[in-house]
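Note sheet for the following structure.
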Amino acid sequence: IEVIRSGKNKTLTVKLGSRPSSNVVASRMHGVKNPLGISVQKLTPEIAEQYGHKTSQKGVFISFVSPQSAAQRAGLKVGHVILQVNSKAVDTPEDFENAMKTIDNKKGVLLLVSTDSGSRFIIVKTDR
């Protein structure tokens, strides 16, 4: 590429790269670091009420689901609350992160999830 700098022509060499997919960009923007492709946060009584859960509900709130992620394919949505990861209760984002460190990516992960229509178990086959 030729540009003009301080009134003089200058030739620059440019190397083009590939742009990450929008899924990767969205995941990075939301701080997704787990193989499910979700972000979680502390469930407050206000958030619980807003999404149709009991204000005394325990668990972690799903605040983001990466497009085309393992979580999305399994039917997880923003507003769902994860109660357990592989039969272990998770009440804080830290509990969730620690539980995710122990999963076997080949087998997937068993989640107990609370939705606006009740609680159910979901097996999520991870991508990694």
**Condition broken by D91, with the remaining ones in (1) open to solvent by 30 Å² or more (accessible area, probe 1.4 Å); (2) under 18 Å from K33 (Cα atoms); (3) of a type outside the set (S, T, Y) satisfied** = (2)
**Request:** List every residue pair whose Cβ atoms lie under 9 Å apart, where the two residues are 6 or more positions apart in sequence or sit on different chains, the first residue falls within segment 66-87 and is surrounded by fewer than 16 Cβ atoms within 10 Å (Cβ to Cβ), and the second residue, located anywhere, is among the aromatic types (F, W, Y).
**Result:** V78/Y51; V78/F61; V78/F64
**Request:** Collect the residues in segment 99-117 that are surrounded by fewer than 16 Cβ atoms within 10 Å (Cβ to Cβ) and under 15 Å from the mean Cα position of the chain (by Cα), keeping them in residue-number order.
**Result:** K101
**Filter result (within 19 Å of L43 (Cα to Cα) and part of a loop (DSSP other than H, G, I, E, B)) within segment 88-112** = V90, D91, T92
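The values are calculated or read from the model by the stated rules, or taken from the named source; none is laboratory data. Only a predicted model underlies this, so the values are computations on that prediction, with no experimental measurement involved. Heads up, the Cβs are rebuilt from the backbone with ideal geometry, glycines too, and the neighbour counts pull from every protein chain shown. In case anyone asks, the SASA skips ligands and DNA or RNA and just uses the protein heavy atoms, side chains included. Shrake-Rupley method; radii C 1.70, N 1.55, O 1.52, S 1.80 Å.
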